[in-house]
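Engineer: Handing you a structure now.
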Amino acid sequence: MHEHASARNTLAQMIGDGDLEGLLHEAEALHGHRCPMLALGVKAGQYAINYLYPPHHAHGHGHSHGHGHGHSHGPGPGEVVALLEGVNCFVDGIQLVTGCTLGNNGLVVQDLGKTAVTVARRLDGAAVRLAVRADFREQMLARYPAAAPLFEKVVLRQEAAPEERHRFQHLWEAIARRELAVPLEEQFVVQHLTIKPPDTRPNMATVVCSRCGEGVLAAKAKLKDGQNLCPGCAGESYLLLSGRGFESCAG
C-alpha cells in the first residue's frame, strides 16, 4: 500500500476482499441514497481496480472479481483515470471505489448518454471498459415484478403519491443490495483493452478579471479591448454539467 494513500486503506481492503456491501454503504454516504445504479457503479469500480491491481492472496496472486479474502495495494493518487460516458447515479459508485474524481483530475466525462466507464492505468494504458447491458433495466424489473409499476409512476411519469414514493424508495434500496449478488456478466458487457489515457493535467495559470476583480484560469479568460475578462463578465457562453449531461448556457 502506498503510504500517501493511507486515507483509502479501508476502501482498498474492501475492494481486494470483494466486500461489495461495505463499498455500497460507503457510496451511499457520498451519494445520499442507495439505488441499483449506484450499486452497479460500485461493482464496476471494484471489478476494474481488482483487474488492474490484482489482490494478493495467501496462496498466490489472482484477480478477484467477487467475494474473496486477500488484500490489494490498489492505485496511488493519480495512477488511474476513469472515463465516464454519461452522468447518473452510476458515477458516484465509480468515484468512491476508484478514487477518481473531478477534483483530482482522475475523472473524465464524455457525454455520450451511456452508462459505461473505462478505467485505465496511466502508466501503461491497460484498461477495462464496463458498459451496462442495454436490457439491464428490463431484466432487473423482471426479477422484481413488484417494482415495475412503481418505477413507471415514480421515475418515468413522476406522478406517484407520497406513500407510493416512500414505498418505492424502500424497495429500490433493497433491490440495490440484491443486485450486488447478480453475476457481473448479466449486468455488463466487459472489454479488456489498452488505451492512451488522456492528459488531464490542468493549466493552473491565473489572471485577474479586469471587471469583477476575481481570479480566473488564464485558459478560460477572454481578452477584450486589452482587458482580461472572466467568461461571466465577457458575456461568453459556457458548458453546464448536470444530470442531463453537458448543456451550453448563455453568458
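Engineer: Determine whether V155 is β-branched (V, I, T) and closer than 30 Å to P198 by Cβ.
Structural biologist: no
Engineer: If you go through the range 52-76, how many residues are surrounded by fewer than 19 Cβ atoms within 10 Å (Cβ to Cβ) and at pLDDT 75 or above?
Structural biologist: Count: 2.
Engineer: Any residue at all in the range 150-164 that's modelled with pLDDT under 95, within 19 Å of the chain's Cα centre (by Cα) and either surrounded by fewer than 14 Cβ atoms within 10 Å (Cβ to Cβ) or among the polar types (S, T, N, Q) (or both)?
Structural biologist: Of the residues in the range 150-164, the ones modelled with pLDDT under 95 are 150-164.
Those still in the list that are within 19 Å of the chain's Cα centre (by Cα) too: none.
The answer is no, given that none of the residues of the range 150-164 is modelled with pLDDT under 95, within 19 Å of the chain's Cα centre (by Cα) and either surrounded by fewer than 14 Cβ atoms within 10 Å (Cβ to Cβ) or among the polar types (S, T, N, Q) (or both).
Engineer: Any chance you could count how many residues in the range 130-149 are at pLDDT below 95 and in a loop (DSSP other than H, G, I, E, B)?
Structural biologist: Qualifying residue count for the region: 3.
Engineer: Still on this structure, I have one more. Regarding L184, is this residue in contact with a Cys (Cβ under 7 Å, 6 or more places away or on another chain) and open to solvent by less than 60 Å² (accessible area, probe 1.4 Å)?
Structural biologist: So L184 fails the test.
Engineer: Then there's this: Just name the residue that is nearest to the chain's Cα centre (by Cα) out of those in the range 105-128 that are crowded, with 17+ Cβ neighbours inside 10 Å and farther than 17 Å from P77 by Cβ.
Structural biologist: Among those residues, the one meeting the criterion is V117.
Engineer: Quickly run through the range 181-225 and pick out the residues that are among the hydrophobic types (A, V, I, L, M, F, W, C), in contact with a Ser or Thr (Cβ under 8 Å, 6 or more places away or on another chain) and more than 30 Å from L40 (Cα to Cα).
Structural biologist: V216, L217, A218
Engineer: How many residues are part of a helix (DSSP H, G or I) and open to solvent by 40 Å² or more (accessible area, probe 1.4 Å) when one looks only at the range 18-30?
Structural biologist: 6
Engineer: Could you give me the residue pairs with C-beta distances under 7 Å whose first residue belongs to the range 91-105 and is closer than 16 Å to L23 by Cβ, whose second residue is of a type in the set (S, T, Y) and open to solvent by 40 Å² or more (accessible area, probe 1.4 Å) wherever it lies, and which are 6+ apart or on separate chains?
Structural biologist: Close Cβ pairs satisfying both conditions: Q95/T101.
Engineer: Exactly one of these conditions fails for T10: (1) among the hydroxyl-bearing types (S, T, Y); (2) farther than 22 Å from G125 by Cβ; (3) modelled with pLDDT of 95 or more. Give me its number.
Structural biologist: (3)
Engineer: Of the residues that sit in the range 219-232 and are surrounded by 14 or more Cβ atoms within 10 Å (Cβ to Cβ) and within 33 Å of the chain's Cα centre (by Cα), which one is farthest from T200 (Cα to Cα)?
Structural biologist: Taking the candidates together, the pick is G232.
Engineer: Sort through G86, G106 and tell me the only one that's of a type outside the set (A, V, I, L, M, F, W, C) and in contact with a Cys (Cβ under 7 Å, 6 or more places away or on another chain).
Structural biologist: Step by step, each of G86, G106 is checked, and only G106 is of a type outside the set (A, V, I, L, M, F, W, C) and in contact with a Cys (Cβ under 7 Å, 6 or more places away or on another chain).
The values are calculated or read from the model by the stated rules, or taken from the named source; none is laboratory data. Values in this document were obtained by computation on a predicted structure and should not be read as measured data. Neighbour counts run over all protein chains shown; Cβ positions are idealised from the backbone, glycine included. Accessible surface areas use protein heavy atoms only, side chains included; no ligands, DNA or RNA. Shrake-Rupley method; radii C 1.70, N 1.55, O 1.52, S 1.80 Å.
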